[in-house]
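Got a structure for you, questions after.
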Amino acid sequence: MTLQTDYIGKPTSRIDGPAKVLGTAKYAAEFNVPNLLYGHVVSSPIAKGKITKINADPVLALPGVHQVFSHENVPSLAWLDRSYKDDVAPGGSPFRPLHKPEIRFSQQPVALVVADTFELARYAASILEIEYEEEAHETELTQHIDEAFEPGRGKTGYQPPKSRGNFGRGWEQGVAHVEANYSHHAQHHNPMEMFATTVEWLGDKKLNVYDKTQGAFNSQQYIMKIFGLSKDEARVISKYTGGGFGSGLRPQHQLFLAVLASLELQRSVRVSLTRQQMFSFGHRPETLQHVALATAEDGSLTGINHFAVAETSQFEDFTENVVGWSGTLYDCKNVKLGYRLSKLDVYTPLDMRAPGAASGSIALEIAMDEMAYAAGLDPLEFRIRNYSDFDQAQNLPYSSKNLRACYREGAAKFGWDQRTPEPGSMRDGNLLVGWGMGGGIWDAQKQPALAKVSLDADGHLTVSSGSNDIGTGTYTIMTQIAAESMGLPIEAVTFVLGDTELPEAPVQGGSWTAASVGTAVQEACAKLGEQLLKQAQKMDHPAFKDAKIDDVQFANGQMRLRSDLTQAVVLRDLVQASGEPKIEAQNSKLPGMVDMIKPPKYSMHAHNAVFVEVKVDPDLMTVHVTRVVNAVAAGRIINPKTARSQVLGSVVWGISSALMEESVMDHRFGRFMNHNYAEYHIPVNADIHNIDVIFVHEEDAEVNPLGIKGLGEVGLLGVAAAVANAIYHATGKRVRDLPVTIDKLL
Amino acid sequence: MNSFTFAQAPAIDAAVREKAGQPGSAYIGGGTNLVDLMKENVERPTHLIGLKKLGLDSITASADGGLRLGALATNADTAWHPEVEKRYPLLNQAILAGASPQLRNMATDGGNLMQRTRCYYFYDLATPCNKREPGSGCSAIGGYNRIHAILGASEACIATHPSDMCVALAALEATVRVSGPNGERTIAFEDFHRLPGDSPERDNTLEPGELITGLDLPAKGFEKNYSYLKLRDRTSYAFALVSVATALELDGGIITDARLALGGVAHKPWRDKTAEALLIGQPATADTFRTAAAQVLAGAKGQGTNNFKIELAKRAIVRALKQATEMNQVVDDNAFQNSNP
Ligand SMILES: Cc1cc2nc3c(=O)[nH]c(=O)nc-3n(C[C@H](O)[C@H](O)[C@H](O)COP(=O)(O)OP(=O)(O)OC[C@H]3O[C@@H](n4cnc5c(N)ncnc54)[C@H](O)[C@@H]3O)c2cc1C
Ligand code: SF4
């Protein structure tokens, strides 16, 4: 179906905006079902050891307390590890809450106190006496590099990095070299909405589960397998999510605990985590990296070596693609890549916005800046000289790649040609000015997804898919795609999501929702189109008698003959004439699944280039990011408004990880100590200044019919490195351990 | 959080009596610190005595030409009071450098003095802390102590007092007015907060049951030459790594009076009178400023992750004194906040 552009590509305000602003959008902890009980989680104060005693009696004696759940009284549940694995679980043996007395990480949930009120549950939890036997824990990655091992495939989609050529030879061929270590610390997603689950007990094991998640079906599968529930018994609903960033990709402790309590007590139960407990699960892993680069006389890269060691838990091997990008982004024959994990007494890390790539691009893109200086080249010119026109890692051509335009348009907008290369050479009054750049690459992914469309006799189209909107704009762009496909005004389309009663969709992650669910919606609309044509033919509409689907188009609420646009029938009339209340269609998962297993013909990626200005006080060494231009090549942009918001947010994230963000662990306790919003610093408005977002033109018929590459993550890449590079340009100080806090610049 | 009762006290003497009569009770001002501590189970009062009905929220001229701030005046009302803006701009700046507008709208001046340290370990019951549980040990020593003291710390505690407002009050030589079971008294600001010594559980010199009723600012407000410089991990809404409150009187380039106090570096707002003496009578030049800065930090001791604060404090002092002298400078890095078109 060819796309017209009534809606696609037009800036469209969030359809869910008014509901959010007016407070009618309800989040998981806001469903006040009748007779609700409240559970409060008790978290372990130690990082390793075991519980020797729980004295629940004084707590149970409090009027209004219903139960204290712990490993001592949890009923026998599913036994196999497999039952605890969710769609996004890495290899290993998933953590089971309240399963055993063993403590495996600090803040491990050790008990759930359930009471009549939230306040009582919280108080009762605070006085629950638990005795522990402590054991020595190991949480310091730098002390455990030697034990690091190469992980297997483990997690779905993870590919171990592949080296090529001969790095040693490439290094020797080079005339200029750089080699250094880079690091960043753990980070927590910290979405505004804290994790919460409200389980509504409908009687007889039948539950409505309002969960904070990035994937209702993932949560449903998880509780079905663990608690032996049927699909009907375990309906999961998640219509609004107050930020995810990856934290909701895996079911969190509170889901398990709330369902457990509800089934045991046969009551509706809500469990919400506190902000402090938001530091009790997955995080972006601390990663130590080493990069070595060599260039020939002409500035071409002769060798790239990128090695990373990251933390994981004792029970699961969390893998992400940290170093693989270094074999794709630039043209180079000799690439050596390595990635290892070290097991520590921490909870399993978790995908966090642009997982792997955000980390890897810090090291690679700072190293590229260092290399440009060592080779005597402008950092942008250096990258252009090493532009990759063919994916050497996959040995495939790119389906499309317009990174060149990102470089060109970004640099022009920023005024990069005015840059003088010498560190400390640019000033604004007394302040040091630094200009730095970076960029990155992200997979254009697609997952099989289902969508259903239903046109009623008033001409209103309801589109549904059990996807999620973590604030990315899914509601809005799916409405646009459907309105565009069916030629209906946008007001005549309603998109519903976040419910396991709807057609199945994957978790929202990997920036694949627009492509996956968008394609599903488009396919379902195409099917509906066929049905509508059949209906017209049934009605003996003369103009459509011999028409094929390609002969008609949908516009202005009508189906029209392409060859003669005056030959038209109103869609509403087709439904009315059918004698049915509505005409429905659903796409099939098959094409999506086939796409997944077919050997790829193209390398499909989104790219970006980012230019950053910092101003640094030369005495106090305070840094301000005063200007950012981020140019993104991500295929077709369905909604420039929500897309721009995604990139703005990404830039803020990049500034955050460059300058502030860090979960600080005290290794004596194996515990994150700045576990609150006051001390876990992310930027405030005053830290954010001018940000320009450019979407360069990129057409791609190969990624998917809509030409979407997804952009929830790509905008973050290279931002942190560009900030660090700008700081170097301003001050001559090369900081390779992020965040670049004031102490590192003094 | 434990369960507690709450009542607004009708009058000052009634509040004081209620406090004396109910062990485990606590005064509550805006609640912006106390309620947080209750949620973390750091404080577990069984009864809260509300102070909003005591009529202590006004700001009035005092007989000696100064200004009296009621203990229940909010931080926001204090900062934006015309007399404060005009005569005590240093105090205005210090208050506005703290917290966020929402917090300042709730926070009271009395509560600001009484707010407790932001030491990570003090807030987390899973770790030992002498201030929270005397004798249990100080986890910050040898741990993560980025926001901890470099001056006046002890082996029992290296916490800092987190207030911005109080740094200005120390520099301005305010007086604290209190009412207690034994009647009324005043406390010089420098004697109000204390160093931890071997009893870090005590933040200040209030006697049990005493209520802060107000603050007296002396007539002299240093409205011509002053600076509050706050350095922190982000541009707003973060506690000071180091802050400097300074006020000068100048006569043809010579310093005739000087005040210098630091925040974020000690268990109390750190005023250094020796350094002030080194400034007085000297030309307002970078050399003079550096000499004073060296004096303030002469006895400083880093604890590991906060070592950088010694150098940072020196530079901040020099900058703040320069700003106070010139008064035509970017006053602090808040200036970046308005640079957006
Ligand atoms: C996220 C966050 C960021 C912040 N950032 C900053 C910052 O950057 N700079 C800064 O200076 N401050 C900051 N603050 C702290 C804020 O200034 C204090 O919380 C506030 O000033 C406390 O005032 P309150 O009236 O709310 O005190 P409350 O919370 O009501 O009380 C605090 C303590 O004082 C006692 N108390 C209250 N009134 C009296 C009285 N009249 N007499 C005797 N005892 C009394 C209470 O019993 C309690 O122990 C921040 C706070 C938060 C939560
Ligand atoms: S510095 Fe003071 S408040 Fe912090 S842990 Fe040590 S004793 Fe407690």
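The values are calculated or read from the model by the stated rules, or taken from the named source; none is laboratory data. Only a predicted model underlies this, so the values are computations on that prediction, with no experimental measurement involved. Ideal geometry is used to build each Cβ from the backbone, glycine not excepted, and the neighbour counts take in all protein chains shown.
Report whether or not A:Ser650 is more than 16 Å from ligand 2 (Cβ to nearest atom) and more than 12 Å from A:Leu711 (Cβ to Cβ).
Criteria not met by A:Ser650.
Let me ask something additional. Quick one: which of A:Val647, A:Val703, A:Val629 is part of a loop (DSSP other than H, G, I, E, B) and either within 11 Å of another protein chain (Cβ to nearest Cβ) or crowded, with 22+ Cβ neighbours inside 10 Å (or both)?
Sole residue among the options that is part of a loop (DSSP other than H, G, I, E, B) and either within 11 Å of another protein chain (Cβ to nearest Cβ) or crowded, with 22+ Cβ neighbours inside 10 Å (or both): A:Val703.
If B:Phe6 satisfies all but one of (1) within 13 Å of ligand 1 (Cβ to nearest atom); (2) part of a strand (DSSP E or B); (3) surrounded by fewer than 18 Cβ atoms within 10 Å (Cβ to Cβ); (4) away from chain A (no Cβ under 14 Å), what's the number of the condition it fails?
So B:Phe6 meets the others, but not (4).
Find the residue count for the range B:94-125, including only residues that are of a type in the set (Ser, Thr, Tyr) and away from ligand 2 (no atom under 16 Å from the Cβ).
Number satisfying all stated conditions: 2.
Mind telling me which of the residues A:His99, A:His144 ends up being surrounded by fewer than 22 Cβ atoms within 10 Å (Cβ to Cβ), more than 18 Å from A:Thr312 (Cβ to Cβ) and either at pLDDT 95 or above or of a type in the set (Asp, Glu) (or both)?
A:His99
Give just the number: which of (1) touching a strand residue (DSSP E or B) at 6+ places or on another chain (Cβ under 9 Å); (2) within 14 Å of another protein chain (Cβ to nearest Cβ) does B:Thr305 not satisfy?
Only one criterion is unmet by B:Thr305, namely (1).
Something else about it: Tell me, which residue of the range A:592-623 that is within 14 Å of chain B (Cβ to nearest Cβ) and outside any strand (DSSP E or B) is nearest to A:Val647 (Cα to Cα)?
Per the criteria, the residue is A:Thr622.
Can you go through A:Val463, A:Val496 and tell me which one is out of contact with any helix residue (DSSP H, G or I) (no Cβ under 7 Å at 6 or more places or on another chain), among the aliphatic types (A, V, I, L, M) and within 12 Å of A:Val521 (Cα to Cα)?
None of the other options fit; the residue is A:Val496.
If you check B:Ala73, B:Ala94, which single one turns out to be of a type in the set (Gly, Ala, Ser), touching a Phe, Trp or Tyr at 6+ places or on another chain (Cβ under 7 Å), within 18 Å of B:Ala168 (Cβ to Cβ) and more than 14 Å from every other protein chain (Cβ to nearest Cβ)? Walk me through it before giving the result.
Values: B:Ala73 fails: touching a Phe, Trp or Tyr at 6+ places or on another chain (Cβ under 7 Å).
Of the residues listed, the single one that is of a type in the set (Gly, Ala, Ser), touching a Phe, Trp or Tyr at 6+ places or on another chain (Cβ under 7 Å), within 18 Å of B:Ala168 (Cβ to Cβ) and more than 14 Å from every other protein chain (Cβ to nearest Cβ) is B:Ala94.
Can you name the residue in the range A:683-700 that is aliphatic (A, V, I, L, M) and more than 8 Å from chain B (Cβ to nearest Cβ) and, of all such residues, is farthest from A:His188 (Cα to Cα)? Show your work before the answer.
Filtering the range A:683-700 for residues aliphatic (A, V, I, L, M) gives A:684, A:686, A:688, A:691, A:693-694, A:696.
In the following step, the residues that additionally are more than 8 Å from chain B (Cβ to nearest Cβ) were identified as A:688, A:691, A:693-694, A:696.
On the way: A:Ile688: 20, A:Ile691: 24, A:Val693: 26, A:Ile694: 28, A:Val696: 32 Å.
Residue satisfying both the conditions and the ranking: A:Val696.
To continue, here is another question. Going by the conditions given, is A:Ser663 of a type outside the set (Lys, Arg), in a loop (DSSP other than H, G, I, E, B) and more than 9 Å from chain B (Cβ to nearest Cβ)?
The answer is yes for A:Ser663.
Still on this structure, please answer the following. Against the definition (crowded, with 24+ Cβ neighbours inside 10 Å, more than 14 Å from every other protein chain (Cβ to nearest Cβ) and within 24 Å of B:Glu133 (Cα to Cα)), how does B:Cys166 come out, yes or no?
no
Search the range B:149-161 for residues that are closer than 17 Å to B:Arg118 by Cβ and pair each with any residue that is near ligand 2 (Cβ under 8 Å from one of its atoms) and not in a loop (DSSP other than H, G, I, E, B) when their beta-carbon atoms are under 7 Å apart and the residues are at least 6 apart or on different chains.
Pairs found: B:Cys157/B:Cys138; B:Ile158/B:Cys138.
Here is a further query. Please pick out the residue among B:Leu91, B:Leu113, B:Leu48, B:Leu103 that is in contact (Cβ under 8 Å) with a residue 12 or more places away in the chain, assigned to a helix (DSSP H, G or I), surrounded by fewer than 24 Cβ atoms within 10 Å (Cβ to Cβ) and not charged (D, E, K, R).
Of B:Leu91, B:Leu113, B:Leu48, B:Leu103, the one residue that is in contact (Cβ under 8 Å) with a residue 12 or more places away in the chain, assigned to a helix (DSSP H, G or I), surrounded by fewer than 24 Cβ atoms within 10 Å (Cβ to Cβ) and not charged (D, E, K, R) is B:Leu103.
Please verify whether B:Ala188 is surrounded by fewer than 21 Cβ atoms within 10 Å (Cβ to Cβ) and either under 30 Å from B:Ala293 (Cβ atoms) or in contact with a helix residue (DSSP H, G or I) (Cβ under 9 Å, 6 or more places away or on another chain) (or both), treating the condition exactly as stated. Give the derivation first.
Working: surrounded by fewer than 21 Cβ atoms within 10 Å (Cβ to Cβ): yes; either under 30 Å from B:Ala293 (Cβ atoms) or in contact with a helix residue (DSSP H, G or I) (Cβ under 9 Å, 6 or more places away or on another chain) (or both): yes.
When the stated conditions are applied, B:Ala188 passes them.
Can I ask one more? Quick one: what pairs do we get from the range A:664-684, first residue closer than 15 Å to A:Arg104 by Cα and among the aromatic types (Phe, Trp, Tyr), second within 13 Å of ligand 1 (Cβ to nearest atom) and modelled with pLDDT under 95, C-beta under 8 Å, 6+ apart or different chains?
none
Any idea how many residues of the range B:126-151 are in contact with a strand residue (DSSP E or B) (Cβ under 7 Å, 6 or more places away or on another chain) and either away from chain A (no Cβ under 14 Å) or aromatic (Phe, Trp, Tyr) (or both)?
Total satisfying the criteria: 3.
Just to check your reading of the model, which residue among B:Thr246, B:Thr305 is in a strand (DSSP E or B), closer than 30 Å to A:Asn685 by Cα and in contact (Cβ under 8 Å) with a residue 40 or more places away in the chain?
Exactly one residue qualifies, and that residue is B:Thr246.
Identify all residues within the range A:574-605 that are within 17 Å of A:Lys527 (Cβ to Cβ) and among the hydroxyl-bearing types (Ser, Thr, Tyr); write none if there are none.
If the condition is that a residue be within 17 Å of A:Lys527 (Cβ to Cβ) and among the hydroxyl-bearing types (Ser, Thr, Tyr), then A:Ser578, A:Ser588 are the ones that fit.
Considering only residues that are charged (D, E, K, R), over 24 Å from the mean Cα position of the chain (by Cα) and more than 22 Å from A:Val291 (Cβ to Cβ), which ones fall in the range A:707-744?
Hit for the range A:707-744 is A:Asp743, nothing else.
Give the residues of the range B:280-302 that are in a helix (DSSP H, G or I) and either facing chain A (nearest Cβ under 10 Å) or touching a residue at least 24 places away in the same chain (Cβ under 8 Å) (or both), sorted by residue number.
B:Ala286, B:Thr288, B:Phe289, B:Arg290, B:Ala292, B:Ala293, B:Val296, B:Leu297
A further question on this structure: Go through the range A:76-96 and give me each residue that's surrounded by fewer than 18 Cβ atoms within 10 Å (Cβ to Cβ) and in contact with an Asp or Glu (Cβ under 6 Å, 6 or more places away or on another chain).
A:Gly91, A:Ser93 - these are the residues of the range A:76-96 that are surrounded by fewer than 18 Cβ atoms within 10 Å (Cβ to Cβ) and in contact with an Asp or Glu (Cβ under 6 Å, 6 or more places away or on another chain).
Is there a residue in the range B:59-66 that is surrounded by 23 or more Cβ atoms within 10 Å (Cβ to Cβ) and more than 16 Å from ligand 2 (Cβ to nearest atom)?
Kept after step one, since they are surrounded by 23 or more Cβ atoms within 10 Å (Cβ to Cβ), are these residues of the range B:59-66: none.
No, the conditions are met nowhere in the range B:59-66.
Let me ask you something else. Take the conditions buried (at least 24 other Cβ atoms within 10 Å of the Cβ) and more than 14 Å from chain A (Cβ to nearest Cβ) and apply them to B:Leu195. Does it pass?
no
Oh, and also: Please indicate, with yes or no, whether at least one residue in the range A:47-67 is in contact (Cβ under 8 Å) with a residue 24 or more places away in the chain, polar (S, T, N, Q) and in a loop (DSSP other than H, G, I, E, B).
no
Also, quick follow-up: Does the range A:438-495 hold any residues that are hydrophobic (A, V, I, L, M, F, W, C) and in a loop (DSSP other than H, G, I, E, B), and which are they?
A:Ala444, A:Ala449, A:Leu450, A:Ala451, A:Ala457, A:Ile470, A:Leu488
Among the residues in the range B:317-328, are any within 14 Å of another protein chain (Cβ to nearest Cβ), at pLDDT below 95, over 22 Å from B:Thr117 (Cα atoms) and not in a helix (DSSP H, G or I)?
Scanning the range B:317-328 turns up at least one residue that is within 14 Å of another protein chain (Cβ to nearest Cβ), at pLDDT below 95, over 22 Å from B:Thr117 (Cα atoms) and not in a helix (DSSP H, G or I).
Can you tell which of A:Tyr123, A:Tyr158, A:Tyr182, A:Tyr84 is among the aromatic types (Phe, Trp, Tyr) and within 14 Å of chain B (Cβ to nearest Cβ)?
Within the list A:Tyr123, A:Tyr158, A:Tyr182, A:Tyr84, the selection yields A:Tyr123.
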